[in-house]
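Chemist: Below is the structure I would like to discuss, written out as C-alpha cells.
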Amino acid sequence: MDNKPSLSQYFSSTEVPPASQFFDEIGTSPSEMIQSVYLGENEANTTKTTNVFSQNVTTSFAQTKVTQELTFGNVLPTVSGSTPIPATSLPDPSTFFDTIGPEPQLGSSKSAIAVPPALITEAIDGLSIKNQPVDKEADRRRDAWIPSEEAKKTLLKAQSSPVGPFFPEREVLTMPGLVLEEELTDALQEVAVKYLGVSSAGSRGVVRAEHVSRDEAGLRELLRTGYLRAAVNLTATLLAAAGQGVGRMHRPTKHTPRSLQLWLTRFAVMLRIKLHEPLLKEAEPFGDLSKPDMFYQFYPESYENRTGSLVPFSLRLLIAELPGHVGKPEEAADRLYVMLDIIEQMLSNLQQGKTEDGSGTITEPDKLESIRLWTGRQTRVLHSIVNCAIALKDYRLASKILVSLQKEASSPAQKRALSSALCRLWLLAGHLKAAMLHLEDARETRHHLCPTPDVREYVDLGLIDIAYGKYQDAYNNFARAAEQEPTNIMVANNLSVCLLYMGRLKEAIAVLQKAINSDPERGLNESLLINLCTLYELESSKTNEKKLNLLRMLCKHKSDTIPNVLECLKLA
C-alpha cells in the first residue's frame with residue numbers, strides 16, 4: 001500500500017485536482033526564492049555585516065499536482081532576508097515585512113522580485129539624513145554616480161552658465177507628479193466595520209496623516225507604527241508642498257535630496273502594499289534617473305562645487321526592479337545590468353586610485369571605504385539579478401552569480417549561507433544531486449562556526465526530505481529547528497505543511513494557531529494567515545467565525561500593514 005500522503009483524501013473525488021484550484025495560488029513564485037539581501041557591510045560606515053541569506057524559509061501549499069515523482073515541485077522553498085523581531089519591542093520598520101518570507105502570490109499575481117525587507121527602514125534612515133554630521137568624503141562616496149555622455153554636456157552648460165537660474169530644454173528634465181488623487185483609507189478598519197460592525201471596529205484606534213506632524217518626523221512615526229496608507233497620504237502632502245503634487249507631472253520642477261527621499265519613501269510603501277499600477281505611473285517620469293537634473297552639478301547656485309547624484313541608491317535600485325514586480329523580470333534584468341555596468345566602472349576607477357567618476361584622485365583610506373561601499377552595492381544589484389534569473393527559470397545564471405559571490409565571501413558565515421542558498425536554488429530547479437552537494441558544503445563550513453546543527457541546517461535538511469517525499473523526516477527536522485527557536489514563525493509554517501501532507505490536518509491547524517497566539521505581532525502576517533484560513537476550509541465548510549476571530553486579533557494587534565485583508569482571511 002502506498003503510504004505517501006495525498007491531499008485527495010480531503011476531497012470526495014478520487015482524482016487529485018490541480019492544487020491551484022483549492023489553494024487559490026497561495027504558493028510563492030520561483031522568482032521569490034532569493035531576495036535582494038545586502039551581503040556586504042552596511043552603508044553607514046560601520047563594521048557590522050549583514051547576514052547573507054536569512055535562515056527564514058517557508059514551504060508553501062500550492063501551484064502543483066500531488067505526484068509520485070521525487071521532484072521538488074510539491075513544496076517550493078523561499079529564502080527570506082527578513083530578521084526575527086522581538087515580540088516585546090515596539091514595531092520597528094522591519095515588522096512591516098513578513099518574518100517568514102516573501103508574501104504569497106494571490107490570484108493571478110506574477111510578482112517576480114520580493115520586496116527587500118530593509119527598504120522602508122532605509123527610507124526612514126534617509127528621512128533623518130539632515131541630522132547627520134557633515135562628512136564631505138562620506139557624502140561624495142554615497143552620492144557618487146557616473147552621468148551619461150548626454151547628461152555631461154548639459155551639466156557642463158549648467159556649470160558654465162552665468163550666475164542665476166539655468167533653463168535647459170524640457171527634454172533633459174525629470175518632471176514627476178502624483179497620480180493618486182484621493183487619500184487612501186485604512187483597509188483593515190474598512191474590513192472590520194463590514195464584518196464586525198461599527199461598534200467592534202470603533203474600539204480599534206486609527207491613525208491618519210493629520211494625527212502626526214506634517215513633516216519627516218510625522219512620516220517616520222507613521223512608518224514606525226505601521227500605518228502605511230496614512231504614510232502614503234502624508235508623502236502626497238509633502239511632495240505637493242515641494243511642487244510635485246497632483247497635476248504637476250510633465251511640468252518643470254527643482255529636485256533636492258529631500259524630495260527624492262520622499263519619493264523613495266512613497267514608492268517603498270506603495271510597493272509594500274501592492275499599489276503597483278499607480279506606482280508604475282508615478283515612477284515613469286524618473287526613467288533611469290540619469291537625466292542631468294538628477295545631479296548636484298545641475299544646481300551650482302545651490303550646491304556650489306558638490307558633485308554626484310541626488311538620487312538615493314535604494315531609489316535607483318527600486319525603480320530598476322519595478323518591472324519584476326509586475327511580471328516583467330527580463331525588463332528588470334536589463335535595467336539592473338545597466339546599473340551593474342556603471343558600478344563596475346566606478347570600482348575600476350577606484351582600484352586605479354581615482355574617484356568613482358574618474359574625475360580626480362582619492363586617498364588610500366577613502367579608496368578602501370569607497371570600495372567597501374560600492375562592492376556591497378554591487379552585491380545588492382547581483383541579488384536582484386538572481387531574482388530575475390529565477391523568475392525566468394534561468395537557474396544556471398542564478399547559480400553562476402551565487403557561486404561567484406561565494407568565492408568572494410569575506411567570512412565563513414557568508415560562505416556557509418551562500419552554500420545553503422545554492423542548495424535551495426537547486427532544489428527549486430529539481431536537481432537533487434546538486435542540492436545535496438551544496439548542503440554538504442554548508443554543513444562542512446558550519447563545523448567551523450559551531451559544533452552542532454542550527455536552525456538553518458535543520459531547515460535545509462527538512463527541505464531535502466520534502467523533495468524526496470519524506471514528510472515525517474522533514475517534520476522531525478523542522479521540529480528540531482523549533483526546539484532551538486520556539487517562536488520562529490517560519491519553522492511553525494513548515495511544520496504545519498508537513499503535518500498537512502501526512503494527513504494530520506487538525507494538528508497542522510493547531511501549530512499555526514499556537515504560532516499566532518504565542519506571538520501575534522509576527523504570527524499575524526499574510527503567509528501564515530492565508531495558510532491557516534486554507535486549512536480551516538479543508539477542515540470544514542463552516543469556517544466564517546474562525547476567520548472573524550483572526551480579524552479581531554488583527555484589529556487588536558496590527559495596524560494597517562497587510563495589503564489585502566480580505567484575500568488573506570479568504571472572506572467572501
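The values are calculated or read from the model by the stated rules, or taken from the named source; none is laboratory data. Predicted, not measured: the structure shown is a model, and the values here were computed from it. Please note: Cβ atoms are built from the backbone with ideal geometry, for glycine as well, and neighbour counts cover all protein chains shown. To get the accessible areas, we keep the full protein, side chains included, count just its heavy atoms, and leave off ligands, DNA and RNA. Shrake-Rupley method; radii C 1.70, N 1.55, O 1.52, S 1.80 Å.
Chemist: Would you list the P(r) distribution for the stretch 470-572, with all Cα-Cα distances sorted into 10 Å bins from 0 and each bin expressed as a whole %?
Modeler: Cα pair-distance distribution for the stretch 470-572, in percent: 16, 48, 30, 7.
Chemist: Right, something else. Between residue 170 and residue 436, 0.36 nm times their residue separation minus their Cα-Cα distance comes to what?
Modeler: On the way: separation 266, 0.36 × 266 = 95.76 nm, distance 5.72 nm.
Result for the pair: 90.0 nm of gain on full extension.
Chemist: Looking only at Cα atoms, what is the convex hull volume of the stretch 440-525 per residue, in Å³?
Modeler: Working: hull volume 8.0 nm³, N = 86.
Enclosed volume per residue, from the Cα hull, is 93 Å³.
Chemist: Still on this structure, please answer the following. If you roll a 1.4 Å probe over the stretch 430-504 with all protein chains in place, what percent of the accessible area is carbon or sulfur?
Modeler: On the way: 1530 of 3040 Å².
Here it works out to 50 percent.
Chemist: Under Stokes-Einstein, with the Kirkwood radius over Cα pairs standing in for Rh, what whole-number D in µm²/s applies to the stretch 251-393 at 20 °C and 1.002 mPa s? Numbers along the way, then the final one.
Modeler: Values: Rh = 16.5 Å.
D, rounded to a whole number, is 130 µm²/s.
Chemist: Here's something else I'd like to know. For the stretch 315-332, take each phi angle, set θ = phi - 60°, evaluate the Karplus expression 6.51 cos²θ - 1.76 cosθ + 1.60, and give the result in whole Hz per residue in order, putting x for glycine and proline.
Modeler: 5, 4, 5, 4, 5, 5, 7, 3, x, x, 7, 10, x, 10, x, 5, 5, 4
Chemist: When the accessible area of the stretch 171-311 is computed with all protein chains present and a 1.4 Å probe, what percentage of it is carbon and sulfur?
Modeler: On the way: 2950 of 5860 Å².
Accessible surface attributable to carbon and sulfur in the stretch 171-311 totals 50 percent.
Chemist: Additional query: Please calculate how many Å² of accessible area the stretch 171-311 carries per residue, with a 1.4 Å probe and no DNA, RNA or ligand atoms counted. Before the final figure, lay out the partial values.
Modeler: Working: 5860 Å² over 141 residues.
On a per-residue basis, 42 Å².
Chemist: Could you check the spin-label model distance between residue 284 and residue 468? Points 7 Å from the Cα along Cα→Cβ, value in nm.
Modeler: Calculated label separation equals 5.3 nm.
Chemist: Related question: How much net charge surrounds residue 168 when only other residues with a Cβ under 12 Å from its Cβ are counted (Lys, Arg +1; Asp, Glu -1)? Please list the in-between numbers first.
Modeler: Values: positive: 153, 157, 170, 291; negative: 150, 169, 171, 293.
Around residue 168, the charge tally is 0.
Chemist: Once you have all Cα-Cα distances for the stretch 311-418, histogram them in 5 Å bins from zero and send the whole-percent values.
Modeler: Final binned percentages: 2, 12, 19, 20, 19, 15, 8, 3, 1.
Chemist: Okay, next question. What order, most packed first, do the peptides 523-531, 136-144, 466-474 have when packing is the mean number of other Cβ atoms within 10 Å of each residue? Show your work: numbers first, answer last.
Modeler: Working: 523-531: 24.8, 136-144: 17.8, 466-474: 19.9.
Per-residue mean Cβ counts within 10 Å order the peptides as 523-531, 466-474, 136-144.
Chemist: What net charge do the residues around residue 426 carry, taking every other residue with its C-beta under 11 Å from that of residue 426, with Lys and Arg at +1 and Asp and Glu at -1? The partial results should precede the final answer.
Modeler: Working: positive: 396, 424, 433; negative: none.
So the environment of residue 426 carries a net charge of +3.
Chemist: May I pose another question? Return the subset of 152/367; 328/415; 274/514; 157/254; 400/433 for which the Cα-Cα distance in this structure is over 22 Å, preserving the input order.
Modeler: Working: 152/367 24 Å; 328/415 31 Å; 274/514 29 Å; 157/254 17 Å; 400/433 17 Å.
Exceeds cut-off: 152/367; 328/415; 274/514.
Chemist: Whole-Hz Karplus ³J(HN,Hα) for the stretch 251-260, in order, using 6.51 cos²θ - 1.76 cosθ + 1.60 and θ = phi - 60°, x for Gly and Pro?
Modeler: 10, x, 8, 9, 9, 9, x, 5, 5, 6
Chemist: What ranking, highest mean first, results for peptides 479-491, 307-319, 442-454 when packing means the other Cβ atoms within 10 Å averaged over each residue?
Modeler: 307-319, 479-491, 442-454
Chemist: Same structure, new question: About its Cα centre, how strong a charge dipole does the stretch 171-311 have in debye, to the nearest 20, once Lys and Arg get +1 and Asp and Glu get -1 at the Cβ?
Modeler: In total the dipole reaches around 340 debye.
Chemist: May I ask you to give the average projected area over all directions of the convex hull of the Cα atoms of the stretch 302-374, in nm² rounded to one decimal? Each step should come with its number before you reach the end.
Modeler: Numbers: hull surface 23.7 nm².
Its Cα hull, projected and averaged over all orientations, spans 5.9 nm².
Chemist: What distance in nm separates the simple spin-label points at residue 149 and residue 542, each placed 7 Å from Cα in the Cβ direction?
Modeler: 7.5 nm
Chemist: Here's something else I'd like to know. Report the residues of the stretch 185-199 in range of a label on residue 274: point 7 Å along Cα→C-beta, backbone N strictly under 15 Å from it.
Modeler: 187-188
Chemist: Also, quick follow-up: If you build the Cα gyration tensor of the stretch 171-311 and take the root of 5 times each eigenvalue, what three semi-axes come out, in whole angstrom, biggest first?
Modeler: Details: eigenvalues 229, 48, 26 Å².
The equivalent ellipsoid of the stretch 171-311 has semi-axes of 34, 15, 11 Å.
Chemist: Which value, in Å² and to the nearest 10, is the accessible area of residue 543 when all protein chains are kept and the probe is 1.4 Å?
Modeler: For residue 543, solvent-accessible area is about 10 Å².
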